[in-house]
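**Q** Dropping the structure in here first, questions after.
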């Protein structure tokens, strides 16, 4: 197919592309865009395939981990932990074994301890797989 025929068949598309190119040049954005593309090319050239593959693996792993933390139960737990941290005293007083035993009578501590024990049990099962 000849260049002339291609131009004739795509005249409208080419006109729009040229208009955009003219706007980019007049606004000074074309030079910035070329600089950005050059930077991307420089980064690509400086990164080995092994580095790219390793980063891809890390991103994949993060995606899998984040998927586990987006279910309703995990979000509820993370939200509760965040709220609890924000409400804690900035300078907690030192606590000993007696304080720990006394705290076990508190219903709120019992609920939290039950959750922690449940998580620890499941964690132990998962670590043995």
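**Q** For the chain, set up a GNM with springs between Cα atoms under 10 Å and report which of 108, 35, 61 has the largest fluctuation.
**A** The residue with the greatest mean-square fluctuation here is 108.
**Q** Taking the Cα atoms only, what angle lies between the long axis of helix 107-128 and the longest principal axis of the chain, rounded to 10 degrees?
**A** Orientation of helix 107-128: about 60 degrees from the principal axis.
**Q** Okay, next question. Working out 0.36 nm times the residue gap between residue 66 and residue 10, then minus their Cα-Cα distance, what length gain in nm do you get to one decimal? If you can, show how the numbers build up before the last one.
**A** Details: separation 56, 0.36 × 56 = 20.16 nm, distance 4.54 nm.
Taking 0.36 nm per residue and subtracting the Cα distance, the gain is 15.6 nm.
**Q** At what distance in nm do the modelled label points of residue 88 and residue 128 sit from each other, each positioned 7 Å from its Cα along Cα→Cβ?
**A** Inter-label distance under the simple model: 3.0 nm.
**Q** Let me ask you something else. Taking R0 as 30 Å, what's the FRET efficiency between residue 113 and residue 58 from their Cβ-Cβ distance, rounded to 0.05? The partial results should precede the final answer.
**A** Working: r = 35 Å, r/R0 = 1.15.
Taking R0 as 30 Å, the efficiency between residue 113 and residue 58 is 0.30.
Rule-based calculations on the coordinates, nothing more; no lab input. Bear in mind the structure is a predicted one, so any value in this text is a computation, not a measurement. FYI the Cβ positions are ideal-geometry reconstructions off the backbone, even for glycines, and counts take in every protein chain you see.
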